Amino acid sequence: MANYKTTPLYGGALVADLPANFADVSVIRQVPDNQEVYIDKDGFTSIIFDITERVGGPGSGPEIDGQALTTHLEDLVGDGAEGVKVWNTTPTLFSRLDEDIPAYTLIATNMPRDDPKAKSSSATTDFTAFIITLVRLEREKTDLLITINVPHIHGEYDEEDIDLELGKQGKLIGDAVDYAAKIWETFKVKDWGLFNEV
């Protein structure tokens, strides 16, 4: 079980408990103002909070919000969309947000494209798993994305533990699901004015 620490985000306007062994990437490189990025000091997993302009039409519901989630996933994977498989999509409840605020989470994987120009390396990514939570803030004209990227580097995980078609997630994805659940439980908006600034 991971240890967590309460982490201020966007200058304290948002707060969530993140794994204690995750480091703020902005300490070592520039991060866009609309993002907060944390990376596992002992692995390859990252957690990204991304404040974006709301996509899609007005209102909320499975069709509108589902299309928004698809749009954000496509933006995330870019040209690699043909290697994406969505395994699960579900409504998500945040403990410290108004229950009328729609939120959804999906679990997807992306297989890298074969790139004949890429040099052979022992650090080859077999696939990347994503846990993407979308919080739809219609009044603020904002979509908040919380993305947990879980690269599976060849030799760095037990391939026998993973068979997503049979529901076997393996340790890395299982840990990421736990991180997401902790964020859903502890995430809080302390200053709603943030969404007018970013």
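The values are calculated or read from the model by the stated rules, or taken from the named source; none is laboratory data. Computed from a predicted structure; not experimentally measured. All Cβ positions, even for glycine, are placed from backbone atoms using ideal geometry, and neighbour counts span all protein chains on display. Only protein heavy atoms, including side chains, enter the accessible area calculation; ligands, DNA and RNA are left aside. Shrake-Rupley method; radii C 1.70, N 1.55, O 1.52, S 1.80 Å.
For the stretch 66-198, give the percent of accessible area contributed by carbon and sulfur heavy atoms, probe 1.4 Å, rounded to a whole number.
Working: 3460 of 7570 Å².
Ligands and nucleic acids excluded, carbon and sulfur give 46 percent.
When Lys and Arg each count +1 and Asp and Glu each count -1, what net charge do the other residues less than 12 Å away from residue 108, Cβ to Cβ, add up to? The partial results should precede the final answer.
Numbers: positive: 85; negative: 74.
Neighbourhood net charge equals 0.
What relative contact order, as a whole-number percentage, does the chain give when Cα pairs under 8 Å and 6 or more residues apart are counted? Could you put the intermediate results ahead of the total?
Numbers: 342 pairs, mean separation 47.7, N = 198.
Worked out over the chain, it gives 24 percent.
Only sites in a loop by DSSP and with at most 12 other Cβ atoms within 10 Å count here; which trypsin sites (Lys or Arg not before Pro) in the stretch 128-177 make the cut? The partial results should precede the final answer.
Details: sites: 136, 139, 141, 168, 171; in loops: 139, 141.
For trypsin sites (Lys or Arg not before Pro) across the stretch 128-177 that sit outside H, G, I, E and B with at most 12 neighbouring Cβ atoms in 10 Å, the list reads 139, 141.
For the chain, what does the accessible surface come to per residue with a 1.4 Å probe? Please give it in Å². Don't jump to the answer; show the numbers that get you there.
Values: 11150 Å² over 198 residues.
Accessible area per residue, the chain: 56 Å².
What length, rounded to one decimal in nm, is gained on full extension from residue 138 through to residue 63, with 0.36 nm per residue of separation minus their alpha-carbon distance?
Here the answer is 25.5 nm.
Which pairs in the list 41/182; 141/188; 41/171; 85/188 are over 24 Å apart, alpha-carbon to alpha-carbon?
Working: 41/182 19 Å; 141/188 18 Å; 41/171 17 Å; 85/188 30 Å.
In this structure, 85/188 exceed 24 Å between Cα atoms.
Over the Cα atoms of the stretch 76-117, what Rg and Dmax result, in angstrom?
Just the Cα atoms of the stretch 76-117 yield Rg and Dmax of 15.4, 49 Å.
Between residue 95 and residue 24, what length in nm is gained on full extension when 0.36 nm per residue of separation is reduced by their alpha carbon distance?
Working: separation 71, 0.36 × 71 = 25.56 nm, distance 2.43 nm.
That works out to 23.1 nm of additional length.
Please give the direction-averaged projected area of the C-alpha convex hull for the chain, in square nanometres with one decimal. Spell out each step's value before the answer.
On the way: hull surface 48.1 nm².
Mean orientational projected area (the chain, Cα hull): 12.0 nm².
Using a Förster distance of 35 angstrom, determine the FRET efficiency expected from the C-beta separation of residue 154 and residue 190, and round it to 0.05.
Working: r = 42 Å, r/R0 = 1.19.
According to the calculation, E is roughly 0.25.
Taking the Cα of residue 87, stepping 7 Å toward and past its beta carbon, and measuring to each backbone N in the stretch 168-189: which are under 16 Å?
168-181
Of the peptides 52-59, 147-154, how do they stack up when ordered by the mean number of other Cβ atoms within 10 Å, highest first? List each step's numbers first, then the result.
Values: 52-59: 13.4, 147-154: 19.6.
Going by the mean number of other Cβ atoms within 10 Å, highest first, we get 147-154, 52-59.
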